[in-house]
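S.K.: Just dropping this structure here.
FYI, it's all coordinate maths here, none of it is from the lab. In this text the structure is predicted, and so the values were computed from the model without any measurement. Don't worry about glycine lacking a Cβ; one is built from the backbone with ideal geometry, like all the others, and counts go over all protein chains shown.
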Amino acid sequence: MALRQFPHTEKEISKAIGRKIKSPIVVSNLEKLGMDKDAFLSFFAPFAEELAWDLYDVRRMQVEYLIQCFPKDKALLLSRLPAYFTGEKDKRSLRKWISQLSRKRRLAFKAIKPWRRRSVSKFILSETQKGIKIRRVEVPQFKQSVDARDIRALPRIFSEAPASHVENDFFYQLMQSVFLIVKKVRSKVGKKVKKISMTAHFMSVKASTAHPGDNSPEGAHEDGADYIISALVIKRQNLKGGQTQIIEQLENGKKEIIFRHTLQPGEFVFQADTRDELTYGTDLWHHVTPFHIVDPEKAEAWRDIIGFDINVLA
């Protein structure tokens with residue numbers, strides 16, 4: 001969908017699809033938040049190369065590959081996945097199957113490399129008489145409030161974002177702006193907001209000539225928060241694709257895409273997430289499609305974003 005103006009909300013989406021979307025959606029950009037887009041992007045762009053690689057994706061894909069090779073052992077391999085995924089057990093727990101791989105398959109197994117860098121940080125924002133107070137707190141481990149059968153429910157430990165990445169005027173202004181968005185959408189259902197938590201995710205996802213970049217390998221999903229910013233795009237380099245999709249899960253369980261847009265640097269999507277159907281009346285999910293290299297001679301493509309999981313505390 002080509003957007004002619006920002007912000008683009010659930011009202012415009014409702015009109016476009018011919019039925020009412022009740023849960024809040026805000027597709028907007030840094031300029032609409034009163035921020036200097038060029039200065040913001042220039043400040044955050046270098047940080048992507050400082051992020052640690054996400055090895056959880058690699059462990060999951062390695063087990064999935066072994067299941068493809070040994071389908072009769074699927075149940076046993078899946079029983080080994082949680083401990084291997086979280087790092088409690090190392091590759092020796094899979095040695096029985098790795099040792100049986102042919103040379104070709106073993107090379108394919110070893111070729112499963114990390115493609116996503118990331119860090120996390122968490123803040124508590126409180127409204128006071130002097131303005132919005134921001135306090136950083138530790139993220140000892142990260143797990144999402146999703147179905148227990150979903151691997152994202154397992155605890156993961158990601159590197160904490162360096163202070164230089166998140167303890168600065170640009171990031172504070174961004175968080176304060178998001179706090180005001182939350183206050184506005186909650187007021188529409190007669191609820192006040194005085195305190196929220198915001199968990200920020202810096203992510204840099206790579207595509208190569210052999211593999212597309214994929215920030216949502218699990219497909220359409222919810223993150224387990226009250227609200228999310230699924231992505232504020234910082235950089236798109238040598239890529240095509242990476243389309244953001246907002247999805248409605250209907251009462252019969254069917255999912256329908258209600259909005260599509262390829263976010264450009266400086267643009268973001270804010271939306272209600274888990275249990276929004278109980279508060280507002282529409283069950284929203286989200287997804288971003290894989291992306292591919294435009295110029296294969298450059299070998300790699302990158303999509304860098306900042307995402308937020310937002311929960312109302314008071």
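S.K.: Rounded to the nearest 0.05, what FRET efficiency is calculated for Glu167 and Asp73 with R0 set to 51 Å and r the Cβ-Cβ distance?
M.R.: For R0 = 51 Å, the calculated efficiency reads 0.60.
S.K.: Next up: Please give the length that would be gained between Thr209 and Lys194 if that part of the chain were fully extended, namely 0.36 nm times their separation in residues minus their C-alpha to C-alpha distance (nm, one decimal).
M.R.: 0.6 nm
S.K.: Let me ask another. Under 5 Å between amide H atoms, partner at least 5 residues away or on a different chain: which partners does Leu3 have, H built in plane at 1.01 Å?
M.R.: none
S.K.: Work out from phi, with θ = phi - 60° and the Karplus expression 6.51 cos²θ - 1.76 cosθ + 1.60, the ³J(HN,Hα) of each residue of the range 58-63, listed in order in whole Hz, and give x for Gly and Pro.
M.R.: Using θ = phi - 60°, the values come out as 5, 4, 4, 5, 5, 5 Hz.
S.K.: Going by average Cβ neighbours within 10 Å, how do the peptides 283-292, 127-136, 56-65 rank, with the highest at the top?
M.R.: 283-292, 56-65, 127-136
S.K.: Right, another one. For the chain, set up a GNM with springs between Cα atoms under 10 Å and report which of Ser99, Ser42, Ser197 has the largest fluctuation.
M.R.: In this elastic network of the chain, the residue with the biggest mean-square fluctuation among Ser99, Ser42, Ser197 is Ser99.
S.K.: So what is the calculated 222 nm ellipticity per residue for the chain, using -39500 (n - 2.57) for each DSSP H run with n of 4 or more, over all residues, to the nearest 500 deg cm²/dmol?
M.R.: Computed mean residue ellipticity for the chain: -7500 deg cm²/dmol.
S.K.: Using the beta-carbon distance between Ser102 and Arg136 and R0 = 51 Å, what value does 1/(1 + (r/R0)^6) give for FRET efficiency, to the nearest 0.05?
M.R.: 0.55
S.K.: Starting from the Cα of Phe6, step 7 Å along the direction of its Cβ; do the same at Lys254; then give the gap between the two resulting points in nm.
M.R.: Spacing of the two 7 Å Cα→Cβ label points: 3.4 nm.
S.K.: A follow-up question, please. Using each residue's phi in the range 208-218, evaluate 6.51 cos²θ - 1.76 cosθ + 1.60 at θ = phi - 60° and report the 3J(HN,Hα) Karplus result to the nearest Hz, with x for Gly and Pro.
M.R.: 10, 5, 8, 9, x, x, 9, 8, 10, x, 7
S.K.: Using a 10 Å cut-off on Cβ atoms, rank the peptides 237-243, 73-79 from the highest mean neighbour count down.
M.R.: The peptides rank, most packed first, as 237-243, 73-79.
S.K.: Assuming R0 = 22 Å, what is the FRET efficiency of Val58 and Ala220, from their Cβ-Cβ distance, to the nearest 0.05?
M.R.: 0.45
S.K.: Further question on the same structure: What is the mean projected area of the alpha carbon convex hull for the range 56-110, to one decimal in square nanometres?
M.R.: 3.3 nm²
S.K.: Once the cut-off is 24 Å, how many percent of the Cα-Cα pairs in the range 11-162 end up in the long-distance tail?
M.R.: Tail of the P(r) past 24 Å holds 58 percent of the pairs.
S.K.: Whole-Hz Karplus ³J(HN,Hα) for the range 174-188, in order, using 6.51 cos²θ - 1.76 cosθ + 1.60 and θ = phi - 60°, x for Gly and Pro?
M.R.: For the range 174-188, the Karplus-derived couplings read 4, 5, 5, 5, 5, 4, 5, 5, 4, 4, 5, 6, 6, 5, 5 Hz, x marking Gly and Pro.
S.K.: Running Debye on the chain with equal point scatterers at the Cα sites and no solvent, what base-10 log of I(q)/I(0) appears at q = 0.07, 0.10, 0.12 Å⁻¹?
M.R.: With no solvent term, the Cα-only Debye profile gives -0.30, -0.61, -0.87.
S.K.: In the range 56-110, how many lysine pairs have Cα atoms under 19 Å apart, counting only pairs 8 or more places apart or on different chains?
M.R.: 9
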